[in-house]
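Working notes, structure below.
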Amino acid sequence: YIMSDVKSVIESGKAVLGIEFGSTRIKAVLIGDDHAPIATGAHDWENMLVDGIWTYSLDMIWEGISDCYSKMAQDAKEKYGVTIKKLAAIGISGMMHGYLAFDRDGNQLVPFRTWRNTITNRAADLLTKQFSFNIPQRWSIAHLYQAILNEEAHVSSIDYLTTLAGYVHWQLTGERVLGVGEASGMFPIDSAAMTYDADMVDRFDRLVAGHHFRWKLLDILPRVLPAGVQAGRLTPEGAQLLDPTGELQPGTPFCPPEGDAGTGMVATNSVAERTGNVSAGTSIFAM
């Protein structure tokens, strides 16, 4: 009975897919309408030190996501004898912070600078003073300002700056958005307005005005979305990236892409007052 029940959930397109980009493993988990896992897949990967920068290539991202999706789909087929063609929803989660910069044609400007890099000390200190708000070295705004301080030529060509989860979501849906938790690791958030702090955005724009970039900060950052809103749909191109076999149909709605801190809290049900969780992996933190 349970087997046929799960099979009908998958066949009717009621299953939900979550994909998490961890530091050493990419995971795909399919859940049923009772929120219990019904199929899983994983892909191991490792960051590389290239020219003093900890990074993953874009090819590694797409090889990894298609491999873990394929293994999840195979797991579902072996267990329930069914092929995944439709899904009720998809969500992307990734290690937070870092620096993925693209030009107006979608070309990557410099290799992905992950959260693991500690190369933004001067920028983080200066921004912390400028904002009267703690800006850690791993935050995206610290990476951006350090690149400006270093007079890196690519900065003037930036059209979009995002995180790993934001990049994957953009390629799968065409939407330049982030969940509010993930966005809070790019730039400080105004909790009342549920978007980037307007005063700090203004301070940053004035700080770099002398460089005469063709962009203002809000032009290049993802739009911030709260939890629970629809954040786009799987495009035909996105479906091909996720499932090169062509079985998965486009059109699935996405939730806003989030960071590992927020998804860790949801996974452990630590979302109410007087609850908390501790994450112990490549880094350790409490929420």
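Would you mind working out the accessible area per residue for the stretch 1-148, using a 1.4 Å probe, and quoting it in Å²?
Spelled out: the 1.4 Å probe surface of the stretch 1-148, per residue, equals 46 Å².
If you place +1 on the Cβ of every Lys and Arg, -1 on the Cβ of every Asp and Glu, and leave all else neutral, what size is the dipole of the chain about its Cα centre, to the nearest 20 Debye?
Charge dipole of the chain: 260 debye, to the nearest 20.
Taking the full set of protein chains and a 1.4 angstrom probe, give the accessible area of residue 219 in square angstrom, rounded to the nearest 10.
About 100 Å², ignoring ligands and nucleic acids.
Order the following by accessible area, largest value first: 186, 265, 194, 3. Probe radius 1.4 Å; ligands, DNA and RNA are ignored.
The ranking, largest first, comes out as 3, 194, 265, 186.
Angle check, please: helix 198-207 long axis (alpha carbons) against the longest principal axis of the chain (alpha carbons), in degrees 0 to 90, nearest 10.
50
Which sequence of 97, 211 reflects their accessible areas, 1.4 Å probe, from the largest down?
Order by accessible area, largest first: 211, 97.
Keeping all protein chains in the complex and leaving out DNA, RNA and ligands, what accessible area do you get for residue 206 with a 1.4 Å probe, in Å² to the nearest 10?
150
Treat the stretch 97-172 as a sphere of radius equal to its Kirkwood radius over Cα pairs and apply Stokes-Einstein at 25 °C in a medium of 0.890 mPa s; give the translational diffusion coefficient in µm²/s, rounded to a whole number.
It comes out at roughly 194 µm²/s.
Net charge near residue 157, counting Lys/Arg +1 and Asp/Glu -1 over other residues with Cβ under 12 Å of its Cβ?
-2
Would you tell me the accessible area of residue 285, worked out with a 1.4 angstrom probe on the heavy atoms of the protein chains, in Å² to the nearest 10?
Number for this one is 50 Å².
Over the Cα atoms, compute the radius of gyration (one decimal) and Dmax (the largest Cα-Cα distance, rounded to a whole number) for the stretch 209-283, in Å.
Looking at the stretch 209-283, its Cα Rg and Dmax stand at 18.1, 51 Å.
Report the gain in length on full extension from residue 287 to residue 206: 0.36 nm times residue separation, minus Cα-Cα distance, nm rounded to one decimal.
Extending this stretch completely gives an extra 25.8 nm.
For the stretch 239-248, take each phi angle, set θ = phi - 60°, evaluate the Karplus expression 6.51 cos²θ - 1.76 cosθ + 1.60, and give the result in whole Hz per residue in order, putting x for glycine and proline.
Once rounded to whole Hz, the list reads 4, 5, 5, 6, 9, x, 5, x, 5, 6.
Among 40, 61, 16, whose Cα projects farthest towards the positive end of the dipole of the stretch 11-127, with charges put on the beta-carbon of Lys, Arg (+1) and Asp, Glu (-1)?
Toward the positive end, the furthest listed residue is 16.
Roughly how compact is the stretch 1-127, stated as its Cα Rg over 2.2 N^0.38 Å to two decimals?
1.33
Non-local amide H neighbours of residue 190 (under 5 Å, H modeled in plane, Pro and chain starts lacking H): which ones?
195, 196, 197
Which value at 222 nm does the chain reach when only helices count, each DSSP H run of 4 or more adding -39,500 (n - 2.57), with the total divided by all residues and rounded to the nearest 500 deg cm²/dmol?
Helices in the chain give a 222 nm mean residue ellipticity of -10000 deg cm²/dmol.
Quick check: convex hull over the Cα atoms of the chain, volume per residue in Å³, rounded to an integer?
So the per-residue Cα hull volume is 130 Å³.
Can you check what the net charge comes to around residue 24, using other residues whose Cβ is under 11 Å from the Cβ of residue 24 (Lys, Arg +1; Asp, Glu -1)?
Spelling it out: positives minus negatives among the neighbours equals 0.
Relative contact order of the stretch 102-145: what whole-number percent is it, with Cα pairs under 8 angstrom and at least 6 residues apart?
34
Alpha carbons only, please: Rg and Dmax for the stretch 156-271, in angstrom.
Reported Rg and Dmax, both Å: 16.1, 51.
Keeping all protein chains in place and using 1.4 angstrom, which order do 126, 217, 58 fall into by accessible surface area, from largest down?
Result of the area sort, largest leading: 126, 58, 217.
The values are calculated or read from the model by the stated rules, or taken from the named source; none is laboratory data. Treat the numbers as computed from the prediction; the structure is a model and nothing was measured. In this analysis, Cβ positions are derived from the backbone assuming ideal geometry, glycine residues included, and neighbour counts consider all displayed protein chains. Accessible surface is based on the protein model in full, side chains and every heavy atom, while ligands, DNA and RNA are left aside. Shrake-Rupley method; radii C 1.70, N 1.55, O 1.52, S 1.80 Å.
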